[in-house]
Each structure stands twice: as C-alpha cells, then as structure tokens.
Amino acid sequence: MTTEEQVIKSLETVPVPAAKRSIVGLNLVREVTISDGKVNITLASTGLIPGAQDWIKAKAREAIKKLPEVKEVAVEYSDAKAKDLNKIDHIIAVMSGKGGVGKSLVSSLFAIALKRKGYEVGILDADITGPSIPKMFGINVRPGGNESGILPVLTKSGIEIMSINLLLPSEDDAVIWRGPLIGKTITQFGEEVLWGKLDYLIIDLPPGTADAPLTVMQSFPISGVIVVFTPQVLVEMIVRKAVNMVRKMEKRVLGVVENMSYLYVPEIDKRIEIFGQSRGEEMARAANAPLLGQLPIDPELAKLCDEGNIERYDGEIVTRLGESLIETVSSSVK
C-alpha cells in the first residue's frame, strides 16, 4: 500500500521553477490523504503565479502516478501566508557596532560553510541602504512570487538570497528612506518571503544599534547573534555597545569574529598585523562568548567577492567557521 512517506518523497522531485527548490523544500505540501488507491494532495499557492501552479500540479500528478497501487491523483491549492510556511531551525544575526568591518563577508562565509556541510541555508540582507550580498554572489535576477509571497533567489551552490537590491530597477539605485520605512521593509521580509524549510537563516544586519537592527531583533525569533570587529583599540567600545544591545533585547551572543586580523605573506612565511595586535581573545571575554574565527586579509577572497564568485573561495577558514558555528549553536540548545 502506498504510504504518505512515499508520496512526500516523490514530491521532492517536483521543483518550483522560480525558486529551483522542491515543493517539499519550500514547505508547500500542506496535506496528503490516501484512500482506495486515490491520492489527494493539497498544496499552498504561496509565491506561485498561475502558470507555475498549473505546471507544478501536472508534475506532482506525474510523480505520484509512478507509485505502486496508485489509481488516481488529485491536486488542489489552498491559500497560506509565507510566514506560516517557513520552518527555520536557527536564525543567526550577524552584527557590528560600526560599518566597514566585513559583516557581510562574514555572513556570506558562514552561509557557504554551512551549505558545504549539507545544510539548507538562506541569507537575508537586512542592510537596506547598503546591500552587498547579491554582488558578492553574482546575483542580479529579480525574485519570483505573487501577492501572497516572495521567492528568494538561489545562488550557484543553492543558498537562498533575499535583498532589497534584487527588487530595485537597478542595483545602482540608492535607497533614500527614513527609519520607519526601512523598518517596515525588514518586517515585510520576515512576513512575506517564502524561505520554506531551512536549517539556518543568516541575517546580515546594517551597522550600529539603531532602528534596523532593533527591528530585526523584535521581528524575528533570533537564535543568537554573532558580532564582527576588526583589531583596533577604538573597536572595543563599539563592540561593547553591540553586545549590550543584544543583551538588552534578551538575545544571546553566540560568538565573535575578528576580520582583517592579519595579512599572511607566503614568500616570507609571516603574518603581518596591519591594523595592530589581535584583540580576538579580549573581545571574546568582553562578549562572554567564544572567538569563532580570525579572518585574514586575503587578496584572493577580495577578488572573488568583486567578481561575484565568493562561493569559489576554498580557504580553510571557511571550514573552521562552519564547524565553530555548528558547535556553538549545538551547545546553546542543549
């Protein structure tokens, strides 16, 4: 006898054209009933234009009919809100007290590391006025969707991306908005983007501790925060401000990452601390959280980011970042 598990497994082969993920991965399968050889499937229509709905219905019926003892297949759609379909295990916010410390880079490297370990990962670029995530991943296509939901854009390796830059007529257009409108946009990203089933959603926050980071902390069920900094004396005060904000919002600092920690010169086999002595351990103590990584100044990584090929970066630091984050998140939920 055909089981619900077999039906779900078959539906995993049915992709959503605009998202390039399966209807199961996007959590669009709402109900499956089986009786006397007839299989009834209810799918959410969230984010699906009429043409896509018809195509998915045909592909779903085709996939299920291949199962033994299935005589008839019926597929229908129901309405659902994107936020009710999203099933995200861990939402990690990456923040800094000031701009220019490499927060977006760290967000991207964490996502890449997790994806390489087999997790389903998404990045929400919440830096509305200074979005850079799409550029680093070489993405310039508009998200699909309908009035009930927006579908993220998939990167080459399969990371889901959503950014205001993907919704603008041109990536060079400036977003000249006041705080309330920026906050509203971030809230809409939380309610209207269909992420589906994700293991991790990385949120790249704008710098500082003002409206936008505050909105994210209040609008998303944040699992924890990672604070990014560079090795400069001035940074200590700024890091403490960011940490204090996180604590006041009753969130957990999962760890800290020091970017631009050093420059390695292979010809002389030496590390040069261009911005001063590392303050990684000191910042970790200040945040009462582990030091998850120290990123070097790497010309090759900078080149790949400029080219939109950050996913090609194969430095050992990527692997270590992923392992550190997974270990930290695992210990936080025990």
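The values are calculated or read from the model by the stated rules, or taken from the named source; none is laboratory data. Just so it is clear, the structure is predicted and the values come from calculations on it, not from any experiment. A quick note on method: Cβ atoms are made from the backbone with ideal geometry, for glycine too, and the neighbour counts reach across all protein chains shown.
Restricting ASP89, ASP79, ASP84 to those that are in contact (Cβ under 8 Å) with a residue 40 or more places away in the chain, within 30 Å of ILE226 (Cβ to Cβ) and of a type in the set (Asp, Glu) reduces the list to ASP89.
For region 130-168, filtering for residues that are in contact with a strand residue (DSSP E or B) (Cβ under 7 Å, 6 or more places away or on another chain), surrounded by fewer than 20 Cβ atoms within 10 Å (Cβ to Cβ) and under 15 Å from LEU198 (Cα atoms) leaves 1. Counting just the residues of region 176-216 that are among the aliphatic types (A, V, I, L, M) and surrounded by fewer than 16 Cβ atoms within 10 Å (Cβ to Cβ), which one comes out modelled with the highest pLDDT? This residue is LEU181. Looking only at residues of region 128-141 that are touching a Ser or Thr at 6+ places or on another chain (Cβ under 9 Å) and part of a loop (DSSP other than H, G, I, E, B), we find that the one that is farthest from ASN165 (Cα to Cα) is GLY138. Scanning region 104-127 for residues that are part of a strand (DSSP E or B) and of a type outside the set (Asp, Glu) returns VAL121, GLY122, ILE123, LEU124. Report, by residue number, each residue of region 253-296 that is modelled with pLDDT under 90, among the aliphatic types (A, V, I, L, M) and in a loop (DSSP other than H, G, I, E, B). Selection gives ILE268, ILE274.
One line per residue, one yes/no per condition, for (1) under 22 Å from ILE150 (Cβ atoms); (2) among the polar types (S, T, N, Q):
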site: GLN188; (1), (2): yes, yes
site: TRP195; (1), (2): yes, no
site: ASP204; (1), (2): yes, no
site: PRO221; (1), (2): yes, no
site: VAL225; (1), (2): no, no
site: PHE229; (1), (2): no, no
site: ASN244; (1), (2): no, yes
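What do you reckon, is ILE226 part of a loop (DSSP other than H, G, I, E, B) and assigned by TED's automatic domain parsing to the domain that holds ILE161? In short, no.
Filtering region 213-237 to residues that are farther than 14 Å from MET95 by Cβ and small (Gly, Ala, Ser) leaves only SER219. Residue count for region 144-168 under the criterion of being in contact (Cβ under 8 Å) with a residue 60 or more places away in the chain, of a type in the set (D, E, K, R) and outside any strand (DSSP E or B): the result is 1.
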